[in-house]
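Colleague: Below is a structure I'd like to ask you about.
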Amino acid sequence: MNKSEAVEIPLIKATNETLKGYGYLIDSYKDSDIEIITWPKQGWREIDEGTGNEGGSTEGSFDAWWQGNTLYGQNNAVQHKSDYEVDGKYIL
């Protein structure tokens, strides 16, 4: 496909039926349980022990800023277990 070709992507309304296998809709996060599980292994690559299950919910700020031509982000809602300068900033 060259750069000038367009791709049609269907718009699908999110319902519990269309989300089946991925998740479900909720009316109140306060009344809902969050299941945190390791994502499924796909292909040949193994899931490293202790990873793949770090999701969940949290609240907090997210900062974004430009440095030159690069847009960076910092998620202040999560604790970074490693060196922030290596893993705490994200290129958006």
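Colleague: Would a scan of the stretch 2-20 turn up a residue that is within 16 Å of the chain's Cα centre (by Cα) and not basic (Lys, Arg)? Spell out the reasoning first.
Modeller: Step one: list which residues in the stretch 2-20 are within 16 Å of the chain's Cα centre (by Cα), which gives none.
No.
Colleague: Whether any residue in the stretch 2-14 is in a loop (DSSP other than H, G, I, E, B), among the polar types (S, T, N, Q) and under 28 Å from residue 58 (Cβ atoms) is what I want to check.
Modeller: Checked the stretch 2-14: no residue is in a loop (DSSP other than H, G, I, E, B), among the polar types (S, T, N, Q) and under 28 Å from residue 58 (Cβ atoms).
Colleague: If you scan the stretch 65-92, which residues turn out to be surrounded by fewer than 11 Cβ atoms within 10 Å (Cβ to Cβ) and either modelled with pLDDT of 80 or more or assigned to a helix (DSSP H, G or I) (or both)?
Modeller: 66, 67, 68, 69, 70, 84, 85, 86, 87 - these are the residues of the stretch 65-92 that are surrounded by fewer than 11 Cβ atoms within 10 Å (Cβ to Cβ) and either modelled with pLDDT of 80 or more or assigned to a helix (DSSP H, G or I) (or both).
Colleague: Only one of these is within 25 Å of residue 77 (Cβ to Cβ), in a loop (DSSP other than H, G, I, E, B) and touching a strand residue (DSSP E or B) at 6+ places or on another chain (Cβ under 8 Å): 23, 50, 60. Name it.
Modeller: Unique residue meeting the criteria: 60.
The values are calculated or read from the model by the stated rules, or taken from the named source; none is laboratory data. Keep in mind that what you see is a predicted model, and the values were worked out from it rather than measured. Backbone-built Cβ (ideal geometry, glycine too); neighbour counts: all protein chains shown.
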